[in-house]
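Asker: One structure, pasted below without further comment.
The values are calculated or read from the model by the stated rules, or taken from the named source; none is laboratory data. Small disclaimer: the values here were computed from a predicted structure and weren't measured. Note: ideal-geometry Cβ built from the backbone for every residue, glycine included; neighbour counts use all protein chains shown.
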Amino acid sequence: MSNNRVSRRQFLNYTLTGVGGFMAAGVLMPMVRFAVDPVLATKAGGDYVLTEQKVSELTETPVKVDFTYEQTDAWYKSDVTNNAWVYKDGDKIVALSPVCKHLGCTVNWAGDKAEPNQFYCPCHSGRYEKNGKNVPKTPPLGPLDEYQVKEKDGLLMIGKVVANTMVKN
């Protein structure tokens, strides 16, 4: 026999610690799973949002196209409506973000009567050329961002925002 005998007090101490540990794990595991679940969830859906804009109706004049997509913040899902200025440049479809690079205001096409062929930001009189390039000596610090685009069944699909590819620095 071993000389390291366990006293009754030690046995009860080990038993209560073990049972308490299992009970704590049983309570904490669902909480940990609840906190980590959104991180582990697989993302469904694609990178492009289908709009109601027919590609055949696009011209060289920019038109505002609204699109809605579902956004998930942890456990809360909401519909987000956004828009883009879309036009054709030859055979290429161009979709520009309406967010001004100066202070994040919304730009409008032909918003300034003095410059009808430019995007205009009413916040601080910022101006952009049709391709999104910021007009020198106006507040914007950079060109308008561009959306990735593609066509599906004759309708326009808008993707992620990327840096403007039409403007050469």
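Asker: Exactly one of these conditions fails for residue 166: (1) crowded, with 16+ Cβ neighbours inside 10 Å; (2) at pLDDT 90 or above; (3) assigned to a loop (DSSP other than H, G, I, E, B). Give me its number.
Answerer: Only one criterion in (1) crowded, with 16+ Cβ neighbours inside 10 Å; (2) at pLDDT 90 or above; (3) assigned to a loop (DSSP other than H, G, I, E, B) is unmet by residue 166, namely (2).
Asker: Now, a different point. For segment 1-40, enumerate the residues that are among the aliphatic types (A, V, I, L, M), exposed (fewer than 10 other Cβ atoms within 10 Å of the Cβ) and in a helix (DSSP H, G or I).
Answerer: 27, 31, 39, 40
Asker: Given the structure, is residue 81 of a type outside the set (A, V, I, L, M, F, W, C) and either surrounded by 13 or more Cβ atoms within 10 Å (Cβ to Cβ) or assigned to a loop (DSSP other than H, G, I, E, B) (or both)?
Answerer: no
Asker: Would you please list the contacts, defined by Cβ atoms under 9 Å and residues six or more apart or on different chains, that run from a residue in segment 140-169 that is on the phi > 0 side of the Ramachandran plot to a residue that is assigned to a strand (DSSP E or B)?
Answerer: Final answer for the pair search is 153/50; 154/54.
Asker: List the pairs whose first member sits in segment 117-128 and is assigned by TED's automatic domain parsing to the domain that holds residue 103, whose second member is part of a strand (DSSP E or B) and among the aliphatic types (A, V, I, L, M), and whose Cβ atoms are under 9 Å apart, counting only residues at least 6 apart or on separate chains?
Answerer: So the pair list comes out as 119/96; 128/96.
Asker: Does any residue in segment 71-84 that is charged (D, E, K, R) come within less than 9 Å, Cβ to Cβ, of a residue that is at pLDDT below 80 and surrounded by 10 or more Cβ atoms within 10 Å (Cβ to Cβ) six or more places away or on a different chain, and which pairs are these?
Answerer: 73/38
Asker: Mind telling me which of the residues 60, 70 ends up being outside any strand (DSSP E or B) and in the same structural domain as residue 130 (by TED's automatic domain parsing)?
Answerer: On the way: 70 fails: outside any strand (DSSP E or B).
Checking each option against the conditions leaves just 60.
Asker: Could you check segment 94-112 and list, in sequence order, the residues that are part of a loop (DSSP other than H, G, I, E, B), surrounded by 18 or more Cβ atoms within 10 Å (Cβ to Cβ) and among the aliphatic types (A, V, I, L, M)?
Answerer: Scanning segment 94-112 gives a single hit, 107.
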